[in-house]
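Read through the structure below, which is laid out as C-alpha cells, and then see the notes.
None of the figures in this text is laboratory data; all of them are computed from the coordinates on show. Quick caveat, the model's predicted, so the values are computed rather than measured. FYI the Cβ positions are ideal-geometry reconstructions off the backbone, even for glycines, and counts take in every protein chain you see.
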Amino acid sequence: MSILGRANRRHFVRHPLQLILAILGVALGVAMVVSIDLAAKSTHRAFALSMEALTGRYTHHLTGGPMGIPESLFTRLRVEAGLRETAPAVEGYIGLKETTCHLIGFDVFSERNLRSRFVNAARGEEGMRLLTEPNTVLLSAVSAQRLGLKPGDELKVMIDNRPHQLILVGYAEGSMPPDPVLEGVMLADITTAQELLGRVGWLDRIDLVLGEDPSLDMKINALLPEGVELISAAGRQSATQNMTAAFELNLRAMSLLALLVGSFLIYNTMAFSVLQRRELLASLRVLGATSRQLLSEILWEAAALGLFGGLVGMGFGVLAARVLLHMVTRTINDIYFVLTVTEFMMDPWVLVYGVFLGMIIAVLAALGPAIEASLTSPIMTRARSGVEGSARRAIPWLAMMGVLALLVATGLFAVNLDGLVPAIAGVFLLLLGYGLLSPVFLLGGVWVLGALGRVSWGWLIRLAVRSIGATISRSGLAIAALTIAIAVSIGVGTMIDSFRGSIAEWLDQILQADIYIAMPASTPRLSPPLPDGLAERLGSIPGVDRVSSGRRVFVSTSKGESELLALDPPYLDQPGFRFKDSDGKDLWAHFPELRGVFISEPYAQRHRLAVGDRLVIKAGKGSVTLPVAGIFFDYRSDQGLIVIHRRLYNELWQDPTHTSLGVYLKPGADLSDVRSELDRRLSDLHLPLSVRSNREIRDISLETFERTFAITQVLRLLAVGVAFIGIFSALMALQYERRREMAVLRATGLTPWQTGGLVLLQTGFMGLMAGLLALPLGLMVALALVRVINLRSFGWTMDLSISVWPLILAVGLSVLAALLAGAYPARLAMRTSPAQGLREE
Amino acid sequence: MTNPFAELLNLNNVSHGFREAGAWRGVLRGVNLRIHSGEQLALVGQSGSGKSTLMHLIGGLDVPLSGEIYFENTDLAAMGEPARTLWRRQKVGFIYQFFNLIPTLTVLENVLLPLELNGTPASIGRQAGLNLLDEVGLVDRAETYPDRLSGGEQQRVAIIRALIHQPRLVLADEPTGNLDAATGEQVLDLLDRLVRAKGHTLILVTHSAEVARRADRIVRLVDGQLALEA
Ligand SMILES: Nc1ncnc2c1ncn2[C@@H]1O[C@H](COP(=O)(O)OP(=O)(O)OP(=O)(O)O)[C@@H](O)[C@H]1O
Ligand SMILES: [Mg+2]
C-alpha cells in the first residue's frame, strides 16, 4: 500500500471506534434493506409455491357458488361434455401440532391420468390405501420430516376446532424425493376430505385441462349452475396475487424507509470521517498530493468501508430476515390466507444488491465531503472556521432545497395521483426536506437559548449551547438524523394508534349483537352454513330479544369475484355501519326495502365505484344490476365487500341458510346466564360452533391487529436504533475534535465534572432540539400515512387521533438517546488530561 | 546544475487580501521581489504583517488577487490548480512552525511521502531517508509515530521531509518559533547545512534578528510592502 494510502487508512486504526461506527452504520442500513427484501421475496415465493401446489398444472378451474360446486357437475362434465382431463378437489385447513396444513381432497383415479402434482401419490400404493382405508392421509415429506412424522403414525389433528384422528400412510410425493412446493400439503381421498371438512356432496374446485377448442368453453358454460364460473389458471393466480400486492408494496416502502435512514447514517459516518481528517488532508495537499489523488483515496476508502459494512450487514440481514419472515408470514396468515410454505429463501441477488447498495451509498455519501476537502485550497482547509464558514454558507441553500422538497411533497399529496409510488415519494421528500431545514431551526434554537442564557442561566449552559452553533457542520447532521428517525417513529406510532382507534370504534359499531355464532371456516372462501332452525331455537332462550342472521358468500360481479354479506339487522334506528358522506340513519332505516347494495370503502376504492354507480351481480336467478346506495367504512378486508339485505338475497338466490347468527339480549338480561343456556342448547347439536361475545370478538380482532403491525413496530425501533448510532458517532467525532478545546477549558480551571456536564448539556440540548423538531414532522408523516398511504394501499380511511403522551415520550426518547450517546464522550472529556490535550497538535 | 545566478523567483506587484465579515482587508499591497537560485532570504515583519500569506503565495498554496509570481519564468497563477500541485510537490519543500508531520505515518513514512508522491517507490527512497535520519541522529526513531517525538526532533524530521525530494525552493515559516533557543539553534544549523550543501534556495520567515542574520539577504514586510534591510 502506498504511504499516502497508509496515512489515510491509519486514521481509522487510530480511531477504531469511528471505524466500527462507520462499518456498523453501513451494516445496519444494508441489514435493514436486505432483511426486509429477503423476507418479502421469501413470502412471495412461499406464496407462489402455495399457489402452485394448489393449482397444479391445469389450464382452467371451475369455482364459485354460495356452497361451492355440486358434486354432480363433475360427473356431468365427464359424461355430457366428454371431458376426460378433469379433477375435483375439496380443500380446507387443518391444524397439525403447531402448524397449519392445507388439506386437499383429490380423486385418486382422475389424478392418475393427469400430469399433476399429485400424480406420484395417486399412482403409488399409498394412493390405493387412501381409497380403501378410512381416515387415511398423505403428508408432504418436507412437513413430515419437520414434524417428526413417518408413515404409519397416527395424527391428532384439529379441524374446525374439533379433534380428529388420522392415519399417515405415506408421502404426498409418493416415492419421489421431497418436493418443497408440497410443504404443508396434506392429501386425502376426496370422500374422506368431504367428511372431515363437512362438505359432503360439494366440491371447491374442479380443475380442467382444456385444449384450444373454443366450442368447449361454450359446452362447459352451458352445464354450469349459476354462480359457478370457468376461469383460467393464470387468471386465478393473478387475482390472488393482487391480494397481497398492497401488502408487499408496504413492505417495500418499509425497506425504502430503511434505506433512507441507513443512507443517512452512512452519509453521516462518511462525512465525519472526512471532516475529521481535514488537517491531515491539508498537510498532504501542502506536500503535493493532488486533489484527484485525495478524492480517489477517499472514494476508494468509502467503497472499501461500504463493501465491508455491506458484508457485515448482509450477515445481520440474513439473521433478521428469518425473524421478519416469521412475522410477515403470520401477518399474511392473519389477513389474507394460510401460507403453508415457510421455507426461508436465500436470494443471492438480494445479497449482492445489498452489498452494492452499501458501497454505492458509502461512495455517494463520501462524494460531497471528499470533493469539498480535495478542492478547497490547502490553506483554507486548515482552518476549522473555514469548514464552519462554508457549512454556514451552505445552510440557506440547503434550506431552500428543503423548502423545495417540501413543496414538491405537498404537491404530490395534493394532486391525487394514482398509486402508492407518488405517495411514498412524497413522504420521503417530506422527510428529506425537513431534514435539510433542520440546521436553520437548530441555529434558531441556539439563538433563542443564547438570548435566554444571557438573562439567568449559567455560563456553562451558554458555553455548551454556543459551541453547538459553532460546530453546525457536525451537530446539524446529527440532529437532522435524529429528528427524522424520531419523526418516523412518531408518524408510524400515531398512524398505528389512529388505525387501532378507528378499528376499535368500527368494531363497537358493527358488533351490535351480544353473542355471535358461526361455523368456523375451514376453507378461506367458504363459511359453512349453520343448521336450519337454529335461529328459532336460540330465540326462545329467556333473556334473548332478537336473533339476526348473516350469510357470507362469494359471488361473481361485473367487478370480478366479490365477497357478499347478506344481513337482516333487527334494529333499524341505529346504523350498523358508519357511512361515508352520510350519517346513515336514513339509509339504514330503509335497508329492508333497499334494492341496491352497500359497498365497503376498500371495495369502492378498488373498483372506483361511487354512490349511484351500478354493479352487475350474477345471482341464482340470473344477473341483476343493482345501484350502489351507500359506501361504508370497513376494515375487515382490503378486498372490500358488498352488503345487501337478507330479503333481497333470499329473493335473488333462494338460499335460506345462514353462516352466522347474532343474538341480541333484552335490556337487563345477564350475558353469562344467556350464554350458558345457549351453550347447553348448542351442545346437543354436536357441531364445532364458535360462540363468541362481542367483547371476545373485539379483543381477538385487536389482537390480530397488533400482530399485523408487529413488524412495523420492530422496524420503527430499528430506525431509532440506527439514528442512535448516527448521533453517537457524530458526538464522538465532535468530541474528538474538541479535545483541545476541552483541554484548554480544563487547564483554565474547569473541573472534570463540569467538563463532563458540558458535554452532556450539549448532547441533551441536541436531543431536545431533535425531539421538538420531530413533533411537527412526525405529525405530518402521520397525516400522510393515514390520509394518503393507507387510503391508497388498502382503501381504508381512518381518523387521525393524536394523543399527547406518545409525543412527550418521543421527545423524552430523543433526549435520552442523545444523553446516552453523549455518556461515553462525556467520560472521555472528563478524563482528558489538559497536558495531553494541549500537546496533541 | 542550475546557473547560480539565474533568477528563480520573480514577484511582480503581488497583492493579496482577505474578505472578513463582508469587508475586504488588504494584507499585501504590491510586493516586488526577485530571488536568485541558491539564495537564502530571511523574511521578517511584525506579527500579522502578512509573512505567512506571502509564503503561501510563493508556495503555490494560494493565488494572489493581483500581480504575478514567476517561478523560472512560469506564472504560478496561470498554471491552474492541478499543475500547481504537481509543481509544488517537485519543486517546493515546506517547513512550518508547528511541525505538520502526518500523525498517522511513522517518522520514516513521513520522510518518504514526498518521494512517493513524486513517483519514487518507497523501497528506493528508503535508504536515502534512513541516511538523512541518521545524519540528524533520529535513525533509531524511524518507526516511531511523530507524537512520541519532542518538538526539536519533530522539526528535524520536518526538515528532512522538506528536503528529501531535492526541491529547488525551501520555504520555512518560523521553523524555530516553537522551540527553545538552544534547540532552535541546532535546528537552524541543520537547515543551514543541508540547504547549503545541496544549493537549495531558502526563504525563511523569522522574528529573530539573530536568525535573520544568517541569511544572504533580509527583507521586511511593512504595510503590505517589502523593504530591504541593511
Ligand atoms: N484565511 C484568512 N482569512 C482572513 N484573514 C486572514 C486569513 N489568513 C490570514 N489572514 C489575515 O492576514 C493578515 C496576515 O496574516 P499572516 O498569517 O500572513 O501574518 P504573519 O505575518 O504570518 O503573522 P505571524 O508572524 O503572527 O505569523 C493577518 O491580519 C491575518 O489576520
Ligand atoms: Mg505567520
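Table for the structure above
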| quantity | calculated |
| --- | --- |
| Over the protein assembly as shown: Kirkwood hydrodynamic radius from C-alpha pairwise inverse distances, Å | 35.0 Å |
| Relative contact order for the stretch B:125-208, counting Cα pairs under 8 Å that sit 6 or more residues apart, in percent | 31 percent |
| The stretch B:38-162: C-alpha pair distances exceeding 26 Å, % | 32 percent |
| Too-long pairs where the Cα-Cα distance tops 24 Å, listed order kept, from B:K51/B:K91; A:K219/A:K618; A:K580/A:K621; A:K219/A:K621 | A:K580/A:K621 |
| Label-point gap, in nm, between A:D799 and A:Q654 - each point 7 angstrom along Cα→Cβ | 4.6 nm |
| Farthest positive-ward along the stretch A:528-637 dipole, Cα basis, beta-carbon charges - from A:S556, A:L594, A:P570 | A:S556 |
| Selected from A:T136, A:I94, A:L73, residue furthest toward positive end of dipole (the stretch A:72-202; charges at beta carbon) | A:L73 |
| C-alpha center-to-center spacing [the stretch A:164-203, the stretch A:345-364] in angstrom | 42 Å |
| For chain B, share of DSSP beta bridges that run antiparallel, in % to the nearest 5 | 55 percent |
| Axial C-alpha extent at least 20 Å, average Kyte-Doolittle at least -0.5 - helices from chain B (DSSP) | B:181-198 |
| For chain B, built as a Gaussian network whose Cα springs stay under 10 Å, the top-fluctuating residue of B:L188, B:L28, B:L149 | B:L149 |
| Listed residue (B:G199, A:F12, A:I36) projecting farthest to the positive dipole end of the protein assembly as shown, Cβ model | B:G199 |
| The protein assembly as shown: calculated mean residue ellipticity at 222 nm from DSSP helix runs of at least 4, using -39500 (n - 2.57) | -18500 deg cm²/dmol |
| Those lysines that a straight Cα-Cα span of less than 30 Å connects to A:K41, excepting residues fewer than 8 apart in one chain | A:K97, A:K559 |
| Chain B, relative contact order in percent, only Cα pairs under 8 angstrom and at least six apart counted | 28 percent |
| The stretch B:67-153: relative contact order in percent, alpha carbon pairs under 8 Å with at least 6 residues between | 27 percent |
